[in-house]
Amino acid sequence: MKELADGIKVSSRTYYYLLDFNDFTKWTYIRENFNKHKLCDLNINEYRLLFRHAMEQDLAILKTK
């Protein structure tokens, strides 16, 4: 489990998925939408928004296959 800025713990699986997504996108979404540079600085609401965005992006890519 990984801990966010507000003390909420999230699964390592989702955390590493989002780390990979942020590396792929050069951290633009997290910087532009939350003005943050690390996942652990997000609160749970920001984390959920980022997770949803990452999933939508990946689903869009999968639809092109």
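The values are calculated or read from the model by the stated rules, or taken from the named source; none is laboratory data. Everything quoted here is computed from the prediction, not taken from an experiment. Counting neighbours? That spans all protein chains shown, and the Cβs are built from the backbone with ideal geometry, glycine included.
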Discussion item. Suppose we filter the range 38-65 for residues that are among the small types (Gly, Ala, Ser) and within 20 Å of Lys2 (Cβ to Cβ); how many remain?
Written reply: 1
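Filter the range 26-37 down to the residues that are touching a residue at least 12 places away in the same chain (Cβ under 8 Å), closer than 24 Å to Met1 by Cα and not aromatic (Phe, Trp, Tyr) and list them by number.
Taking the range 26-37 first, the residues touching a residue at least 12 places away in the same chain (Cβ under 8 Å) are 29-30, 33-34.
Filter once more, so that each one left must be closer than 24 Å to Met1 by Cα: 29-30, 34.
Ile30 - this is the single residue of the range 26-37 that is touching a residue at least 12 places away in the same chain (Cβ under 8 Å), closer than 24 Å to Met1 by Cα and not aromatic (Phe, Trp, Tyr).
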Worksheet entry | Tally, over the range 12-65, of residues that are in contact with a strand residue (DSSP E or B) (Cβ under 6 Å, 6 or more places away or on another chain) and at pLDDT below 95 | 0
Worksheet item: Is there any pair linking a residue in the range 38-65 that is of a type in the set (S, T, N, Q) to one that is modelled with pLDDT of 95 or more and surrounded by fewer than 13 Cβ atoms within 10 Å (Cβ to Cβ), with Cβ under 6 Å and at least six apart or on different chains, and which?
Response: Asn43/Asp6
